[in-house]
Amino acid sequence: MAVTGAWSAETTSEAAAFFGPQGGTALHPTSTAENSHRALGLFRKARWALMAIGATVERWFELFPPVRARRKLRNFLKSSLRLIHQNTEDAAASLANLNRSAAVVEQAVARHEAAVASQFAALQKQTARLEGLVGRHQPGAAIGLGEPREEPAWQGRPFLREVLSVHSREEAKGLFAECVRLVEVELFSYCNRRCRFCPNSLYPRDGENKILGDDVFTTIVSNLAEIDYRGFLSFTRYSENLAHPNILFPRLNYARKFLPSTFIVFNTNGDYVTLPYLYALHYAGLDRITMQCYLNEKEFGRLADKKALAEKRIRKLGLKAALIKDTPLHFQFEAFVGSLRVVIEGYDFSVLATDRGGSLKIERPLRTAPCVMPMRDIYLNYDGSTSPCCDIRADVHGEDYVLGRIGPDFDLFQYFCSPAAVRFREGLLNFAEKTGACAHCTRDEGSYDYESVMAFLAPALQEKGGLD
């Protein structure tokens, strides 16, 4: 009876567990391929059991008298037939389940193929629409289809004393056009990283995504269109733009449509970059994307390792890149996708990292040098608030450093020559020790043509007594 026990404990219980309760009507959640494999194993066990039965019967006739052997054989065959009948029903039920599973899989495949076809058609339609936008709104060679444009240079006037006074909106428009080289806008809050040299390491942005309001964004673009702005418009700040293309592309398209003379750029950590993504940005009219090479989020990282990462990314993307800068603290590779300039770079942040307005524990000397960034650059956070510097953000430094909030009732020009903005600039145009978020700032002379800027500022500094 050992064979009967083995059949019942293994084969029958396995069939019951696999094919469901009695009657075999339950559809097991495993795949069709796995169902087929296990059903075949069940039939093989049945064959082995029958072979074992034959061997057992022969052994009985050797050990017992014929009458007793026949009686044992009759009882054994009755119980075996009952088990075989039960397992045959289970097998039939499993085949029915397999057929139903196959039908479900076929329907799912058909739905998936239809969804893929629909997405591909939508992508083709979007690509055609983007190409149409680019062709309609660009003079001459269309942006994204022609040659790369030369990056604008700052053309501020040698005397900037006017930006140290409050002006009307109309007067501010002219000063804005002459002075401002960069407008940096944060489209949303999300970033997938928490790098050590960034405030996101202490104030993470990888949770809820907060999006810049449409009314704020359209106000910004409208203001820049008023003066035919020819500087940089950057979608950077502390977010990762490529994480949300559904937010990035509509706003990039909108800006490109109404700002044909503006040089549109942004930075990325490179985690989401693919070659199709670069081509999409190329067609949408982006002028430059700068891919930063970051390593372990908890360390600054060796520059040599970052350079190796850059070379790996270049090979993976299939770009033809040239090394255009290679110093002990900074390297840059350059490549082009159509008219889109792709910069891949890395910095030695153990030397170059700033304390981000005092938000990071990085030892830096006390600053005494003047600063012109609030005259030249405009920084807008995802909530529409303005910051005087790229290292200062509203959700870290608080309302004391919010100099205004952009919207339909308060635009860029009103902010640029507002009392709060003027007071902040005045506090930086001297060689005294700086305080607050600016106390240990090393946002330095190397990031722009510092000597030329200081020469431009000399008359204003002398008038204020900042220079001897």
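Annotations for the structure displayed:
- Rolling a 1.4 Å probe over the protein heavy atoms of the stretch 272-330, with every protein chain left in place, gives an accessible area that is 55 percent carbon and sulfur.
- Computed with a 1.4 Å probe over protein heavy atoms only, the accessible area of Lys257 comes to about 80 Å².
- Amide H contacts under 5 Å for Phe336: Lys320, Val342, restricted to partners 5 or more places along the chain or on a different chain, H placed in the peptide plane at 1.01 Å from N.
- The 3J(HN,Hα) values that the Karplus relation (6.51, -1.76, 1.60; θ = phi - 60°) gives for the stretch 236-251 are, in residue order, 10, 6, 10, 10, 10, 4, 6, 6, 9, x, 5, 9, 5, 5, x, 7 Hz. Gly and Pro appear as x.
- In the context of the full set of protein chains, residues of the stretch 278-398 present 40 Å² of accessible surface per residue (probe radius 1.4 Å, heavy atoms only).
- Interchain or long-range residues, amide H under 5 Å from Ile378's placed H: Leu182, Val183, Glu184
- Sparse-neighbour loop sites [GluC sites (Glu not before Pro); the stretch 356-440; at most 12 other C-beta within 10 Å; DSSP]: Glu363, Glu433
- For Phe188, the residues 5 or more places off, or on other chains, whose built amide H falls under 5 Å of its own are Leu212.
- Reduced Cα scattering model of the stretch 294-404, Debye log10 I(q)/I(0), q = 0.17, 0.22 Å⁻¹: -1.03, -1.13
The values are calculated or read from the model by the stated rules, or taken from the named source; none is laboratory data. Remember, predicted model here, so these are calculated numbers, not experimental data. As a convention, Cβ positions derive from the backbone with ideal geometry for all residues, glycine included, and neighbour counts pool all protein chains shown. Keep in mind that these areas ignore ligands, DNA and RNA; they rest on the heavy atoms of the full protein, side chains included. Shrake-Rupley method; radii C 1.70, N 1.55, O 1.52, S 1.80 Å.
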